[in-house]
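Down below is the structure, laid out as structure tokens.
Bear in mind these aren't lab numbers, they're just calculated from the coordinates by the rules spelled out. Just so it is clear, the model here is predicted, and its values are computed rather than measured. As a convention, Cβ positions derive from the backbone with ideal geometry for all residues, glycine included, and neighbour counts pool all protein chains shown.
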Amino acid sequence: MIGSYIKTSRRNLLRNKLFSFINIVGLAISMSVGLLLIAFVLDLYSYDKFHDKGDRIYRLTNMATVNGEQSGKYAATSIKVGKLIQEKVAGAEEVAIVGNDFSQDAKVGDNVLPIKGVWATPSFFNVFSFSMREGSVTTALKEPYSIVLTETAARKLFGREDVLGEAVQFDTLNYRVTGVMKDVPFFSHIHFEALVSLSTAEQLNKGKNLDQWLSKWANYVYLLLPENGDVATVESQLETVAREENLSNNNTKIKLELLPLYTIVVGETLRGTEGGPGAVGPHMPPMVLWILVGLALVVILSACFNYTNLSIARAMRRFKEVGLRKAIGAGKSEVRQQFLVEAIMISLAALVLSFVLFLILRPILISLAPEMQQTVQLELTPWMILAFVVFSVTVGVMAGFMPALFFSKVSAMSALRNVSNVKVFKHLTLRRALVVVQYTLTLIFITTTAVGYVQYKNILSFDLGFSTENILNIDMQGNRPDAFIKQLSEMPEVTALSRSVIVTSVGNAWGGFVKYQNSLDSALVMTNNVDENYLTLHEYQLIAGGSFKTHPTTSMAATEMIVNQRFLKRFNISQNNPEKAIGQVVTFSNFQGTRKVEIVGVMKDFHYGKVDNLIEPVAFMHWTPEDRAVVNVKIKSTDLLATRAKIEAAWKGIDRVHPLNAKFYDEEIEEAYSEFSTLLKIIGFLAFLAISIASMGLFGMVAYTTETRLKEVSIRKVMGATSSHLIYVLSRGFLFQLLLSAGIALPVTYVFFERFVLTNFPYHTPVQVVELLAGLLVVLLIAFLMIGSQTLKAARSNPAEVLKNE
């Protein structure tokens with residue numbers, strides 16, 4: 001029987017070549033999106049699955065509450081937390097502490113190369129299943145100044161892999177190679193070239209506040225629970241530990257939670273997973289994943305609607321076949337199976353074409369953003385191929401379900417009756433309802449792309465409160481900036497120079513806790529260490545006071561700050577009066593220590609973070625030689641490429657190891673919102689596919705409708721109807737459906753942006769009518785071309801040829 005179904009289906013497909021072509025191509029286009037999504041999701045859920053005990057590994061997260069206000073949940077936590085768990089939490093089998101801030105130049109003989117490493121405790125290899133080639137997993141990270149290299153790092157430094165016992169120099173200190181491990185797998189949320197014993201960091205930072213309860217910025221604690229371990233019991237003990245430690249902190253309270261290893265990449269968005277200091281590994285918010293799944297499903301449904309519409313449109317030609325089958329004994333189930341097999345055959349045929357499209361689109365998707373290249377590979381695996389086949393059959397069942405149900409209900413007696421006017425609403429047939437739904441979704445796609453693009457451009461051109469034009473930010477990568485600045489100052493194209501610790505307004509964050517007169521009132525304040533030229537170069541607006549008066553040489557000697565208006569408001573300094581705030585003293589605390597700091601200037605509020613954040617209290621401290629350095633270069637040049645080449649030549653004179661890391665401020669802002677541009681590109685691409693699929697379906701529907709109404713057209717022409725009147729008569733139904741779709745889609749898009757999307761951007765511009773209508777005009781133009789081409793052909797037909805047999 002299955003063979004009979006297949007044979008009959010093949011004949012039907014060959015007999016109706018146009019409809020078969022539209023269905024196969026439409027399904028193939030939409031299924032290629034599904035294949036990309038399947039590969040994308042499978043890659044994301046492949047992270048960390050190579051660890052033997054991965055289902056028992058958890059990472060500690062912490063929620064900080066300052067003066068009753070939550071400051072967010074952090075992926076990082078303090079080293080002290082890990083040590084306290086080792087001492088006081090009985091339910092943990094192993095505890096591994098990882099520090100994510102070892103990035104230095106390694107020297108072996110005359111070979112100097114940068115190495116990206118992490119600090120780790122000896123238990124690291126007991127928790128994770130990274131494979132050691134040489135050395136002992138038990139003792140490799142035990143002693144200070146011990147280092148474990150990956151195979152690639154060993155070859156890079158020594159030219160070989162058998163390097164156990166060799167010495168690697170960092171700064172002026174020698175580190176002994178105590179192990180060589182296999183390279184870190186691509187699908188690991190932790191990536192490094194070297195592991196350095198955490199005891200080394202403790203030796204190097206004696207006297208600093210690395211081991212404090214609140215030092216949570218760049219360290220990660222992992223727990224391995226025993227088999228059948230009770231997560232609730234461990235979390236209860238963590239609450240006890242946190243409660244005891246919080247007693248010594250009046251204003252800041254820390255809450256500890258366990259995060260399963262497999263949900264680190266695809267899970268809750270935490271601070272420390274979005275770039276900047278303390279970030280580790282890729283991350284995909286579940287909401288973004290669900291949005292992509294939803295968008296892909298809409299495109300697939302659009303192709304399924306095409307299949308349903310065209311199948312039901314051809315109902316008259318299939319009724320005799322169905323009636324004959326039922327007359328010789330076929331039941332409803334046999335008829336349903338026939339149409340489902342036909343749909344699945346089309347879907348499997350589309351799978352071949354969609355797989356070719358998948359191979360073409362895969363590198364395009366990966367190259368959409370640098371983060372994409374570091375997150376997924378989309379390489380074929382047996383599981384992925386199996387998922388593709390299952391997906392294809394599922395799409396076939398979805399596409400064939402409605403036609404199968406429709407034809408199975410037709411009785412043999414009514415097989416010749418025209419039931420194409422079956423109503424689902426009062427004035428809409430089933431086919432028209434599906435067309436309306438399909439074009440509503442397509443219009444939502446297009447208008448979302450148009451509105452999103454305008455909002456994205458508005459974000460990039462948003463007034464941040466300071467100037468970013470023609471400013472080149474150069475990361476000194478550990479080099480002292482003085483000699484380099486001297487060379488830059490001699491270039492005629494360079495008009496101003498300054499130094500800072502970070503680049504603001506692109507998602508970077510630096511901060512410390514500030515107290516004013518109330519010793520119990522402490523708040524986290526965002527900071528940047530800058531020199532005396534920084535405000536002038538970036539055109540910040542000082543409204544009181546001036547720039548720094550002193551020139552400290554150490555961080556602890558920096559006792560002046562320039563604050564914004566929101567800073568004064570937060571601490572109610574001098575009743576928010578900028579002039580009176582000059583000379584006021586606050587207490588500032590960070591990982592370097594606590595000191596008294598005087599306010600010497602007040603500047604107008606500006607955007608320290610991204611524009612999706614509210615303006616917050618900010619303080620600029622004085623940059624010192626102890627700080628990391630970003631050199632800010634103001635350029636005035638008619639040939640920016642030539643100027644950059646001169647700067648690069650100057651850089652090579654001071655550093656032959658690291659390539660120049662320089663970006664224009666506007667480029668960095670654009671990169672900061674790359675996730676939005678990437679999402680817009682994806683939505684725009686899906687919108688293009690959706691309109692293509694909908695247009696093919698509309699073309700098929702119009703071709704069939706005009707074919708069935710040729711006699712009506714001929715009679716109207718004989719009665720004196722003009723071509724323009726005939727085009728109106730034939731197309732008005734389709735145009736009405738499109739306008740009805742617009743009446744639904746445009747308000748939905750407007751409400752979606754104003755009530756859900758743009759509420760996350762407190763400084764957004766309202767959605768304009770022009771942005772909404774742009775998408776509608778595109779759809780109407782394409783639809784008019786589809787409808788007009790066929791109706792004009794019908795209107796120009798010769799009535800004598802059509803009616804000669806009547």
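Of note:
- Cα-based radius of gyration of the stretch 483-612 once divided by 2.2 N^0.38 Å, which approximates compact folds: 1.11
- Remark: the Lys580-Ala483 segment gains 31.0 nm on full extension, using 0.36 nm per residue and subtracting the alpha carbon distance.
- Computed with the Debye formula from one identical point scatterer per Cα of the stretch 465-547, without solvent, the log10 of I(q)/I(0) at q = 0.18, 0.20, 0.26 Å⁻¹ comes to -0.95, -1.10, -1.45.
- Long-range HN-HN contacts of Lys73 with modeled amide H, under 5 Å: Arg271
- Mean ellipticity per residue at 222 nm, deg cm²/dmol - from DSSP H runs of n ≥ 4 across the chain, formula -39500 (n - 2.57): -15500 deg cm²/dmol
- Computed over the stretch 552-648, the quotient of the alpha carbon radius of gyration and 2.2 N^0.38 Å is 1.38.
- Radius 10 Å from Cβ of Pro552, net charge of other residues (Lys, Arg +1; Asp, Glu -1): -2
- Relative exposure of Met402, Met372, judged by other C-beta atoms within 10 Å (fewest first): Met372, Met402
- Farthest toward the positive end of the dipole of the chain, out of Gly267, Gly720, Gly159, is the Cα of Gly720, where the dipole comes from beta carbon charges about the Cα centre.
- Computed from backbone phi with θ = phi - 60° and the Karplus coefficients 6.51, -1.76 and 1.60, the 3J(HN,Hα) list for the stretch 778-785 is 4, 5, 5, 5, 5, 4, 4, 5 Hz; x is used for glycine and proline.
- Karplus 3J(HN,Hα) series, Hz, for the stretch 697-705 with 6.51 cos²θ - 1.76 cosθ + 1.60 (x for Gly, Pro): x, 5, 4, x, 5, 5, 4, 5, 5
- Label-point separation in nm, Ala90 to Gln517, each point 7 Å along Cα→Cβ: 5.2
- Relative to the dominant Cα principal axis of the chain, helix 286-313 is inclined by about 10°.
- Cα-projected label distance for Leu42 with Lys636, points at 7 Å along beta-carbon direction, nm: 5.9
- Alpha-carbon radius of gyration plus Dmax, which is the widest Cα pair, for the chain in Å: 33.4, 104
- Local electrostatic count at Ala232 - Lys and Arg +1, Asp and Glu -1, tallied over other residues with Cβ under 13 Å: -4
- Inter-label distance, nm, simple model (7 Å from Cα along the C-beta direction), Met287/Arg595: 4.0
- Charged side chains reduced to their Cβ positions (Lys and Arg at +1, Asp and Glu at -1) give the chain a dipole of some 4720 debye around its Cα centre.
- The trypsin sites (Lys or Arg not before Pro) of the stretch 139-185 meeting both criteria, a DSSP state outside H, G, I, E and B (loop) and at most 16 other C-beta atoms within 10 angstrom of the site's C-beta, are Lys142, Arg160, Lys182.
- With neighbour counts taken as other beta-carbon atoms within 10 Å, the residues Ser392, Ser146, Ser248, Ser637 rank, fewest first, as Ser248, Ser637, Ser146, Ser392.
- Extension gain (nm, one decimal) between Glu371 and Glu469, 0.36 nm per residue minus Cα-Cα: 32.7 nm
- Here the Kirkwood formula, the inverse mean of 1/r across different C-alpha pairs, assigns the stretch 54-263 a hydrodynamic radius of 18.0 Å.
- Order of Ile787, Ile385 - criterion: other Cβ atoms within 10 Å of each residue's Cβ, fewest first: Ile385, Ile787
- Computed from backbone phi, the HN-Hα couplings of the stretch 509-526 come to 9, 9, x, x, 9, 10, 10, 10, 7, 8, 5, 8, 9, 10, 9, 6, 10, 6 Hz, rounded to whole numbers (Karplus: 6.51 cos²θ - 1.76 cosθ + 1.60, θ = phi - 60°; Gly and Pro given as x).
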